[in-house]
Amino acid sequence: QVQLVESGGGLVQPGGSLRLSCAASRSIFSVVYMGWYRQAPGKQRELVAEITTGTNTNYADSVKGRFTISRDNARSTMYLQMNSLKPEDTAVYYCDIAWNTRQHNWGQGTQVTVSS
């Protein structure tokens with residue numbers, strides 16, 4: 001069974017930056033989907049950013065121009081660079097990687113808190 005381990009969350013002031021990592025227990029070279037989602041208290045989980053069909057990327061309107069999703073195949077790791085963070089970015093962030101269209105795999109989540 002594939003394991004995804006997230007790291008990089010924490011407490012940051014508004015305007016600050018964080019980089020989240022999602023390390024996979026197997027090669028990500030042949031994945032069909034990679035994505036970051038977040039869930040704030042009392043809200044539904046929402047898409048933040050995704051990589052589909054190899055290199056195509058999509059972002060939620062609320063994070064466009066501030067967040068960047070990327071991957072390092074050699075390290076089997078996906079990243080989310082988050083800049084200009086806002087209090088409304090506070091949430092638990094989850095990574096999602098799929099090696100086939102039938103099964104998505106989720107990380108355990110990492111807390112991001114943006115507060116002064």
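Mean-square fluctuation check for the chain, GNM, Cα pairs under 10 Å: which of Ser21, Ser62, Ser70 is largest?
Looking only at Ser21, Ser62, Ser70, the biggest GNM fluctuation is shown by Ser62.
Might you report the magnitude of the Cβ-based charge dipole of the chain about its Cα centre, with Lys and Arg at +1 and Asp and Glu at -1, to the nearest 20 debye? It would help to have the intermediate numbers written out before the result.
Details: 11 positive and 8 negative charges, 22 e Å.
The calculation lands at about 100 debye.
Taking the mean number of other Cβ atoms within 10 Å as a proxy for protection, how do you rank 83-89, 32-38 from highest to lowest?
On the way: 83-89: 15.1, 32-38: 20.9.
Top to bottom by mean Cβ count within 10 Å: 32-38, 83-89.
Under a crude label model (7 Å from the Cα following the beta-carbon direction), how far is Glu46 from Ser115 in nanometres?
Distance between label points: 2.0 nm.
What does the charge count near Asn58 come to, summing +1 for each Lys or Arg and -1 for each Asp or Glu among other residues with Cβ under 11 Å from its Cβ?
Details: positive: Lys64; negative: Glu50, Asp61.
That works out to -1.
What net charge is computed for the residues neighbouring Thr113, neighbours being all others with C-beta under 14 Å from the C-beta of Thr113, Lys and Arg scored +1, Asp and Glu -1?
Details: positive: Arg38, Lys86; negative: Glu88, Asp89.
Net of charged neighbours comes to 0.
Name the shape class, rounded, prolate or oblate, that the alpha-carbon gyration tensor gives for region 30-116, where a ≥ b ≥ c are the square roots of its eigenvalues, rounded holds for a/c under 1.5, and otherwise prolate holds if a/b is larger than b/c and oblate otherwise. Spell out each step's value before the answer.
Working: a/c = 1.92, a/b = 1.55, b/c = 1.24.
Prolate.
With every protein chain kept in place and ligands, DNA and RNA left out, what is the accessible area per residue of region 26-70? Probe 1.4 Å, answer in Å². Can you show the working numbers first?
On the way: 2580 Å² over 45 residues.
Solvent-accessible surface per residue comes out at 57 Å².
Leaving ligands, DNA and RNA out of it, report the carbon-plus-sulfur percent of the accessible area of region 32-116 at a 1.4 Å probe.
Numbers: 1980 of 4420 Å².
Result for region 32-116: 45 percent of the exposed heavy-atom area is carbon or sulfur.
The values are calculated or read from the model by the stated rules, or taken from the named source; none is laboratory data. Note that the structure is predicted; figures quoted are calculated from it, not measured. Note: ideal-geometry Cβ built from the backbone for every residue, glycine included; neighbour counts use all protein chains shown. Surface areas here come from the heavy atoms of the whole protein model, side chains and all, with no ligands, DNA or RNA. Shrake-Rupley method; radii C 1.70, N 1.55, O 1.52, S 1.80 Å.
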